[in-house]
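All remarks here apply to the structure that follows.
The values are calculated or read from the model by the stated rules, or taken from the named source; none is laboratory data. Nothing here was measured: the structure is a model prediction, and the numbers come from that model. Methodologically, a virtual Cβ is constructed for each residue, glycine included, from the backbone with ideal geometry; neighbour enumeration extends over all protein chains shown.
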Amino acid sequence: MPLDPFFADRLRTHRAYLVRSTLQGFAKRRGWPWLSRLALRIAPPPAASSAGTVAPSGAAAEKGGVGAAVTQGSTPAAAKPAAAKKSAPKKTTRKKPKKKPTRASHRKAAIAWDATELDAVGQAGPDVRIEEHTVSVPGRPDVRVRIYYPDLGSAPNDDDRAAVPATLAFYGGGFRIGGIDYPTTDAGFRLRAFDAGVAVVAVDYALAPEHKFPAAVEQGGAALGWLADNASRLGIDGKRLAISGISAGGNIAASVALANRDGRNVPLRLQLLEVPVVDLTGRHIDFAPVRAMGVPTIFAIREMRSVARTYLPNPSDARNPLASPLLAPSHAGLPPAHILTAEFDALRGEGAAYGAKIRADGGDATVVRYLGMTHDTPIFLGAVPAARRWHRDVVTALRTLHDD
């Protein structure tokens, strides 16, 4: 099926951005201002749309990790070029060299852009009841956990509320950007908790490169143990637990499920993995959708290498099953898996291969591919009908936690 028209329009903008930014970067390194000017003529930045969005920045593309890098089509509003102004004659003082953008500035731009996306093409979440907790992690930073309960925050306090099922959830962002405070992430957790009638226990795991593998996996494991130990006190049914994640968060969720199987073995009824990256060696990247979108495969390769280099202490760690769950010697004994992939996503083959591995080892796995969709489809509830179907399918999977 062709790429959805909404994403096709964003892709045209993103391709121009890739060409422009690559040429301008080369021009800067070579000291060729003429090439920078040529880049603007070949691939000019678009004017702001009715939604107020313009071309993508590195921070915006980075938020979605490998898959979204080839489909992002917009930039944080803060990154819009200022209009030219008349000014006094230039002074002859020498300009200070520009500082290279820091990781913190990338993240600040990404969260601002994320708010723009939610307003323009997303869907705000309901005002559900929320609690925040801090979980101690031996040898790692403590991790913040936010529980989104399915009841509204305005509901009267009731100490006799029935315990609800829960999913331990991990957000996406290429291991190096994102968080539970990002507007689209927060909205998604609210919607899923309310619509599915389950508690979403969101883990604000530590980001790379400050905290490399296996910090996030160990934080996730500690959060799972804490949830199991404190379920009754938290108003959660400890016999109805799941684990879930999207993109890099899908990697962490799958890794925590593997570590849990081989360790404490907290009973899990479901692992819900959306566009997961489960092989950081890059051997299962599918370049067919990248080529179909007219994006040079070198950009996907570069992005994959960048993600792995940022997250992993050493290249050899890519073969560790807790970094690449697909490479585990056995996938027997894992919770039933529901895996969602997108046709125009370089990670689609990884989700399918992971489902096949679980089945081959006697497990239960369902893999669904959404035709015409891209890696970051779930964000666009306000603009893409198939994104709303995606949400309904996720909710249906989570509702199975209520089954006897």
- Scanning segment 283-294 residue by residue, the ones that are closer than 11 Å to residue 349 by Cα and either among the charged types (D, E, K, R) or without any contact (Cβ under 8 Å) to a residue 40 or more places away in the chain (or both) total 3
- Task: Being closer than 19 Å to residue 281 by Cβ and modelled with pLDDT of 95 or more narrows it down to one of 363, 382, 349, 333, so name that one.
- Result: 349
- Task: Answer yes or no: is there a residue in segment 201-221 that is hydrophobic (A, V, I, L, M, F, W, C) and more than 18 Å from the chain's Cα centre (by Cα).
- Result: no
- Message: Tell me whether segment 343-356 contains one or more residues that are assigned to a strand (DSSP E or B) and buried (at least 18 other Cβ atoms within 10 Å of the Cβ).
- Response: yes
- Item | Count of residues meeting criterion [in a loop (DSSP other than H, G, I, E, B) and either in contact with a Leu (Cβ under 9 Å, 6 or more places away or on another chain) or aliphatic (A, V, I, L, M) (or both)] in segment 331-342 | 5
- Before we move on, is residue 259 in contact (Cβ under 8 Å) with a residue 60 or more places away in the chain, of a type in the set (Gly, Ala, Ser) and either buried (at least 24 other Cβ atoms within 10 Å of the Cβ) or in contact with a Phe, Trp or Tyr (Cβ under 7 Å, 6 or more places away or on another chain) (or both)? no
- For segment 261-317, the count of residues that are of a type in the set (Phe, Trp, Tyr) and assigned to a helix (DSSP H, G or I) equals 2
- Task: With the condition kept exactly as written, say whether any residue in segment 212-235 is in contact with a strand residue (DSSP E or B) (Cβ under 7 Å, 6 or more places away or on another chain) and either of a type in the set (Val, Ile, Thr) or more than 21 Å from residue 136 (Cα to Cα) (or both).
- Result: no
- Counting just the residues of segment 268-282 that are in contact (Cβ under 8 Å) with a residue 60 or more places away in the chain and either of a type in the set (A, V, I, L, M, F, W, C) or touching a Lys or Arg at 6+ places or on another chain (Cβ under 8 Å) (or both), which one comes out surrounded by the fewest Cβ atoms within 10 Å (Cβ to Cβ)? 269
- Only residues that are surrounded by fewer than 18 Cβ atoms within 10 Å (Cβ to Cβ) and acidic (Asp, Glu): list them for segment 357-397, please. 361, 364, 393
